[in-house]
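The values are calculated or read from the model by the stated rules, or taken from the named source; none is laboratory data. The model shown is predicted, which means the values in this text are computed figures rather than measured ones. For neighbour counting, all protein chains shown are included, and Cβ atoms are generated from backbone atoms with ideal geometry for every residue, glycine included.
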Amino acid sequence: MIPITRPSIGREEADAAAEAVLSGWLSQGPRVQEFERLLAEYTGARFAIATSNCTTALHLALVAAGVGPGDEVICPSFSFIATANAILYTGATPVFVDIDPNTYNIDASLIEGAITGCTKAIMPVDQIGLAADIPDVVAITRRHGLRVIEDAAPSLGATIGEARVGALSDFTCFSFHPRKSITTGEGGAILTNDEPAAQRLRSIRSHGASTSDLARHQSGTVDIEEYQELGFNYRMTDVQAAIGCVQMGRLDSILAARRRLALRYDQLLAGEAHITTPYVPAGHAHTYQSYCVQLIGGRPRTEIMQELAGEGIATRRGVMAIHLEPLYRSRFPAVSLPVTEQASANTLLLPLFAEMTEAEQDQVVSALLAALDG
């Protein structure tokens with residue numbers, strides 16, 4: 001079976017995890033601190049705050065941005081459901097905006113029309129690893145006194161011009177799920193340049209404690225923590241971070257392999273009438289969590305996916321339209337987003353991972369073309 005993805009991990013990650021286990025320091029500790037340092041250094045952000053996953057990172061970032069009951073947060077519907085769920089966790093309301101038909105990212109030209117007196121933040125999503133129009137989004141927020149919480153789950157290593165995703169928004173949230181650029185198994189992080197916010201985030205990810213276990217351990221004095229606000233248990237473990245530190249050393253080579261394979265897909269599928277290949281704007285570098293094609297006419301997507309599965313090839317639907325999922329349809333029955341709905345119905349994710357061979361890629365393309373021809 002050719003999987004939709006396969007993480008790039010090996011003996012070095014296993015040894016690092018074992019070393020963390022044998023050290024006796026299993027929860028958040030020195031390895032988390034080192035992983036945060038590596039993330040901040042790589043992205044150019046001043047601060048990194050590791051979390052248990054990207055959903056908890058989004059939730060904490062929203063809290064740090066002051067989002068709460070009665071507020072509205074503008075976001076795309078074309079995303080994984082965690083984007084909108086994190087907004088609901090705060091008691092706020094997601095306001096869905098349609099996407100650009102080429103990039104599948106939020107259409108920045110539609111944002112200002114969705115702003116109301118209740119709007120507190122904008123949450124763009126870097127879909128499948130392509131950074132949204134963050135400079136345009138940031139410009140809008142500055143005009144309206146709003147905050148940007150970037151759902152950058154799949155886009156560690158993506159760039160806009162010379163700038164890496166991570167230091168462009170008020171808060172940028174990454175995922176380290178096995179489908180992402182690098183993995184810690186589960187895990188996430190918030191990147192920010194806001195020092196007071198970073199200090200608060202470090203506290204509220206750990207129940208609101210005024211100091212961390214590591215700081216108390218290193219102080220050499222009696223240091224009794226206080227709890228001044230409601231926090232959460234959203235910590236990353238040192239075992240996860242140990243794997244992440246090794247993965248950071250692999251990141252650039254992983255991204256180079258993914259981009260090479262994506263370019264090869266572009267070439268192999270060029271001219272196919274029933275497929276639109278991914279669009280990457282000038283000046284952007286994509287991380288290619290997966291290779292997303294849009295099907296044009298021809299056979300239904302489910303038939304094509306089933307035929308590929310019969311050939312031992314895993315695929316996934318492109319991306320859901322959150323507003324069409326039952327949880328959200330019942331809350332927002334009148335929402336209509338035609339570009340989102342068309343993309344959600346017709347996009348397809350093909351296997352892509354750093355160790356994928358050209359023979360495997362040829363097999364995927366051959367089976368796809370055969371399925372398209374019916």
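Cβ-Cβ distances below 7 Å connect the following pairs, each with a first residue in the stretch 60-81 that is at positive phi, a second residue that is surrounded by fewer than 22 Cβ atoms within 10 Å (Cβ to Cβ) and in a loop (DSSP other than H, G, I, E, B), and a separation of six or more residues or different chains: Gly70/Cys118. Residues in the stretch 1-18 that are part of a loop (DSSP other than H, G, I, E, B), of a type in the set (A, V, I, L, M) and either under 24 Å from the mean Cα position of the chain (by Cα) or assigned by TED's automatic domain parsing to the domain that holds Val319 (or both): Ile4, Ile9. The residue that is surrounded by the most Cβ atoms within 10 Å (Cβ to Cβ), among those in the stretch 57-84 that are under 20 Å from Arg235 (Cβ atoms) and under 18 Å from the mean Cα position of the chain (by Cα), is Ala57. The residue list Ala262, Ala256, Ala285, Ala273 contains one member that is modelled with pLDDT under 95, not β-branched (Val, Ile, Thr) and not assigned by TED's automatic domain parsing to the domain that holds Ile134, which is Ala273. Picking from residues in the stretch 316-332 that are surrounded by 16 or more Cβ atoms within 10 Å (Cβ to Cβ) and out of contact with any Phe, Trp or Tyr (no Cβ under 9 Å at 6 or more places or on another chain), the one that is nearest to Leu130 (Cα to Cα) is Arg316.
Picking from residues in the stretch 129-141 that are among the small types (Gly, Ala, Ser) and assigned to a helix (DSSP H, G or I), the one that is nearest to Gly161 (Cα to Cα) is Gly129.
When Ala257 is tested against (1) of a type outside the set (Ser, Thr, Tyr); (2) over 28 Å from Leu201 (Cβ atoms); (3) in contact with a helix residue (DSSP H, G or I) (Cβ under 9 Å, 6 or more places away or on another chain), exactly one condition is not met: (3).
Only one entry of Val339, Val335 meets the criterion of being surrounded by fewer than 21 Cβ atoms within 10 Å (Cβ to Cβ), among the β-branched types (Val, Ile, Thr), in the same structural domain as Asp266 (by TED's automatic domain parsing) and in a helix (DSSP H, G or I), and that entry is Val339. Can you pull out every residue in the stretch 363-374 that is surrounded by fewer than 21 Cβ atoms within 10 Å (Cβ to Cβ) and within 28 Å of the chain's Cα centre (by Cα)? Correct list: Val365 only.
To keep it simple, each residue is scored yes or no on (1) within 11 Å of the chain's Cα centre (by Cα); (2) in a strand (DSSP E or B); (3) surrounded by fewer than 24 Cβ atoms within 10 Å (Cβ to Cβ).
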residue	(1), (2), (3)
Glu150	yes, yes, no
Ala153	yes, no, no
Gly157	no, no, no
Ala167	no, no, yes
Phe174	yes, yes, no
Ser181	yes, no, no
Ala189	yes, yes, no
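I'd like to check something: does the stretch 69-85 contain any residue that is closer than 30 Å to Asp362 by Cα and of a type outside the set (Ser, Thr, Tyr)? Yes, the stretch 69-85 contains a residue that is closer than 30 Å to Asp362 by Cα and of a type outside the set (Ser, Thr, Tyr).
Listed conditions (1) farther than 22 Å from Phe353 by Cα; (2) free of Cβ contacts under 8 Å to residues at least 60 places away in the same chain; (3) not aromatic (Phe, Trp, Tyr) are all met by Gly161, apart from (2).
Outside any helix (DSSP H, G or I), surrounded by 13 or more Cβ atoms within 10 Å (Cβ to Cβ) and modelled with pLDDT of 95 or more: does that describe Leu352? Considered against the rule, which asks whether it is outside any helix (DSSP H, G or I), surrounded by 13 or more Cβ atoms within 10 Å (Cβ to Cβ) and modelled with pLDDT of 95 or more, Leu352 comes out as yes. Counting the residues of the stretch 236-281 that are of a type in the set (Phe, Trp, Tyr) and under 17 Å from Val364 (Cβ atoms) gives 1.
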